[in-house]
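Everything on this sheet refers to the single structure shown next.
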Amino acid sequence: MDTITDRLYDRADFTAQPFPTAEYDNCTFTGCNFMRAELSGCRFISCTFTGCDLSMAQIVKTGFMDVRFADCRLLGLRFDTADAFGLAVSFTGAILDNAVFYGVKMRKTIFSNCRIHEVDFTDADLQQSSFSGCDLTGAIFDNTGLEKADMRGALHYTIDPEKNRIKKARFSIPEVVGLLTRYDIIVDA
């Protein structure tokens, strides 16, 4: 596999031209369009994606090691098909609607000010992850490891404490009522 190092991609459209399968080391992608692009088998190491659209991209066995996504659209991305080895990503201001993290081990992942609607975190290991300022409307947490996770400032989540591991996780008021949804009770201020 070819290795591409320290390259800047600015406003490239990979829907019109195929994205070369390679190892990308310390590369920067700004304003690029990867919508429905075939990224399977690529490896991204210490790369940054800013303002890119990766919606519905194919990422089967794609490696993401120390990769940062800032202000990107990642609609429907299937992280459960990515290469689990060394998977380390962070998201700032990203739109992750309908993404899938089923069974993915992503400890200490930063989700900051992201829209995470209808995302599947079933069986994911998100220990010590942070969701500061994230909107988790409709996100599925089922048998999810959230030990020591930081949910302060997260909004619209519903987490069943009996079906998820939340020991020593941090929550803020009033959003913490999202832990009581399953009990169908009314909480007055």
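Which residue pairs have Cβ atoms closer than 6 Å, lie 6 or more positions apart in sequence or on different chains, and pair a first residue in segment 144-172 that is within 20 Å of Ser112 (Cβ to Cβ) with a second residue that is outside any loop (DSSP other than H, G, I, E, B) and hydroxyl-bearing (Ser, Thr, Tyr)? The qualifying pairs are Asp150/Ser130.
In this structure, Phe111 does satisfy being touching a strand residue (DSSP E or B) at 6+ places or on another chain (Cβ under 8 Å), within 28 Å of Gln58 (Cα to Cα) and not in a loop (DSSP other than H, G, I, E, B).
Rundown of residues vs (1) in a strand (DSSP E or B); (2) out of contact with any Leu (no Cβ under 9 Å at 6 or more places or on another chain); (3) outside the structural domain of Val176 (by TED's automatic domain parsing); (4) closer than 21 Å to Arg165 by Cβ, yes/no style:
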| site | (1), (2), (3), (4) |
| --- | --- |
| Met35 | no, no, yes, no |
| Met56 | no, no, yes, no |
| Val60 | no, no, yes, no |
| Phe64 | yes, no, yes, no |
| Arg107 | no, no, no, yes |
| Thr122 | no, yes, no, yes |
| Gln127 | no, no, no, yes |
| Asn143 | no, yes, no, yes |
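Taken as a whole, segment 1-12 holds at least one residue that is surrounded by fewer than 16 Cβ atoms within 10 Å (Cβ to Cβ) and in contact (Cβ under 8 Å) with a residue 40 or more places away in the chain. Per this entry, Phe101 is counted among residues that are within 11 Å of the chain's Cα centre (by Cα) and at pLDDT 95 or above. Residue-level analysis places Glu147 among those that are in the same structural domain as Ile116 (by TED's automatic domain parsing), modelled with pLDDT of 90 or more, touching a strand residue (DSSP E or B) at 6+ places or on another chain (Cβ under 7 Å) and in a loop (DSSP other than H, G, I, E, B). Candidates in segment 53-100 are the residues that are of a type in the set (Asp, Glu) and either touching a Phe, Trp or Tyr at 6+ places or on another chain (Cβ under 8 Å) or in contact (Cβ under 8 Å) with a residue 40 or more places away in the chain (or both); of these, the one that is surrounded by the most Cβ atoms within 10 Å (Cβ to Cβ) is Asp53.
Here's the yes/no breakdown for (1) touching a Ser or Thr at 6+ places or on another chain (Cβ under 7 Å); (2) farther than 25 Å from Phe44 by Cβ; (3) charged (D, E, K, R):
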{"site": "Leu87", "(1), (2), (3)": "no, no, no"}
{"site": "Val104", "(1), (2), (3)": "no, no, no"}
{"site": "Gly138", "(1), (2), (3)": "no, yes, no"}
{"site": "Asp142", "(1), (2), (3)": "yes, yes, yes"}
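One line per residue, one yes/no per condition, for (1) of a type in the set (D, E, K, R); (2) within 15 Å of the chain's Cα centre (by Cα); (3) over 18 Å from Ser90 (Cβ atoms):
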| site | (1), (2), (3) |
| --- | --- |
| Gln127 | no, yes, no |
| Leu136 | no, yes, no |
| Ala139 | no, yes, no |
| Asn164 | no, no, yes |
| Lys168 | yes, no, yes |
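So in segment 164-179, with the set limited to residues that are small (Gly, Ala, Ser) and surrounded by 16 or more Cβ atoms within 10 Å (Cβ to Cβ), which one is modelled with the lowest pLDDT? The qualifying residue modelled with the lowest pLDDT is Gly178. In segment 19-40, the residue that is surrounded by the most Cβ atoms within 10 Å (Cβ to Cβ) out of those that are within 18 Å of Val89 (Cα to Cα) and over 19 Å from the mean Cα position of the chain (by Cα) is Tyr24.
The values are calculated or read from the model by the stated rules, or taken from the named source; none is laboratory data. Because the structure is predicted, anything quoted here is derived from the model rather than measured. No Cβ is skipped: glycine too gets one built from the backbone with ideal geometry, and neighbour counts run over all protein chains shown.
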